[in-house]
Amino acid sequence: MSRKPPRKVIITCAVTGAIHTPTMSPHLPITADEIADAAIGAHEAGAAIVHLHARDPHDGRPDQRPEAFEPFLRRIKAASNVVINITTGGAPTMTVEERLRPCAHFKPEVASLNMGSMNFGLFPMLARYPTFKFDWERPYLEGSDDRIFKNTFRDIANILNTCAANDTRFEIECYDIGHLYTLRHFADRGLVKPPFFIQSVFGILGGIGAHPEDVAHMKRTADRLFGDQYQWSVLGAGRNQLPIAAQSVSLGGNVRVGLEDSLWLGAGRLAETNAQQVRAARQIIEGLGLEVATPDEARALLQLKGGSRVGF
C-alpha cells in the first residue's frame, strides 16, 4: 500500500508589525533594508508567506504610505519567490483609508483583513519600560486604553471590494469567535470566496485568550462554519507564540510567527531575527512528521494569483 505524503504546513512570518516599539527590542526591523533582510531571511528559514508593515526609518513609528513600502517590496520580490502579504490593519491609530492605500496601490497576492472592531490594549507594556527612545512611543501605548481598532461592516466591505478587484486574496484575522461569524456573513453575501485563509489571533488584550480551550473552540467553530473550505492558521501573542503554534499543527493547522507577534525566542531571551522564530516553528512541524510548504505550495493551497500579477 502506498504511503500518503506528509501534510504541508504554511509558515507565515510577520516581520515587524505595528504593536512593538523600538525601545522594546534592538532587533525589531525599522528601516526598509532591515525589513527586507528580515523577510528574505525568514523565507530562507522556511516561511512561505511574509506579512509586511512599514515604519518610519528615523523613529520606527508605523507608516502606511505606499512610498514607505515600495523599497522593501521590490527588494524582497527580486531576491525570492516568497508570497508577499501587505497589511490593511496598519495601526489602530490610522483611518481605514490610510490603512488600505498600500494594498490598493501594489495589488499583492495576499492582504490581511481584520474581521471586527475591538479594544486593542497595548498599555500593559508600559510597566516594563521606564523610559523610551522616541517621544511617540509612550503616548501610543498609553492611548490604547481608550482606543477602538475600527473595522466596521462598511470598512470590511470596502477593503474586500477594493482588494478583490485586483484578485488579491485575504489573510482573514479573527481575534474572537464573533469574527468568524462576521466572515460567514461576508461569505454569504459573496464578497469573499473560498478557500478562506483564517488567521486566528490569541492573547491580545481585548480579544480571545490563549488557553488551549480557546484555541480548540476557535477551530471547532471554524470547522462548523466553513467545513473544508478554509485553511486555518494561528498566531499567539508574546510567550504564547510557540505553544499555540504547536497546538495548531497538531490540530491540522498552519502557523504564523515573527517579531510583530512576539519579540521572544524563549523565557527572557529576545529573538535576534525573525528567521530564528521560523526555524523554531519549523522544528515543531518537522518533529511531528510533517513538511513545511514552499511558497508555490502555499499558492496552490490558497489559490493565489501568483507573484507575476502584483503591482510592484
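Under a Gaussian network description of the chain, with springs only between Cα atoms under 10 Å, the residue in 263, 302, 126 that fluctuates furthest is 126. For the chain, the fraction of C-alpha pairs farther apart than 26 angstrom is 40 percent. Computed from the C-beta positions of residue 135 and residue 65, the FRET efficiency with R₀ = 22 Å rounds to 0.60.
With neighbour counts taken as other beta-carbon atoms within 10 Å, the residues 21, 87, 221 rank, fewest first, as 221, 21, 87. Note on the chain: helix-only mean residue ellipticity at 222 nm, from DSSP H runs of 4+ residues weighted -39500 (n - 2.57) and normalised by residue number, equals -11500 deg cm²/dmol.
Phi angles across the range 136-149 convert, under the Karplus curve 6.51 cos²θ - 1.76 cosθ + 1.60 with θ = phi - 60°, into 3J(HN,Hα) values of 7, 5, 4, x, 4, 6, 4, x, 6, 7, 9, 10, 9, 7 Hz, Gly and Pro given as x. In the distance distribution for the range 173-237, Cα-Cα pairs more than 20 Å apart total 21 percent. A straight chain from residue 33 to residue 185 at 0.36 nm per residue would run longer than the Cα-Cα distance by 50.7 nm. The H on the amide N of residue 55, modeled in the peptide plane, is under 5 Å from the matching H of 63, each at least 5 residues off or on a different chain.
Taking each residue as 0.36 nm, the span from residue 224 to residue 211 lengthens on full extension beyond its C-alpha to C-alpha distance by 2.6 nm. The stretch between residue 44 and residue 148, if pulled fully straight at 0.36 nm per residue, gains 33.8 nm over its current Cα-Cα span. Close amide-amide hydrogen proximity is noted between residue 254 and 232, 233, 234, each under 5 Å apart and 5 or more residues distant or on a separate chain (H modeled in the peptide plane; Pro and chain starts excluded).
Where a number appears in this text, it was derived from the coordinates with a stated rule and is not lab data. Predicted, not measured: the structure shown is a model, and the values here were computed from it. Positions of Cβ are generated from backbone atoms using ideal geometry, with glycine treated the same way; all protein chains shown enter the neighbour counts.
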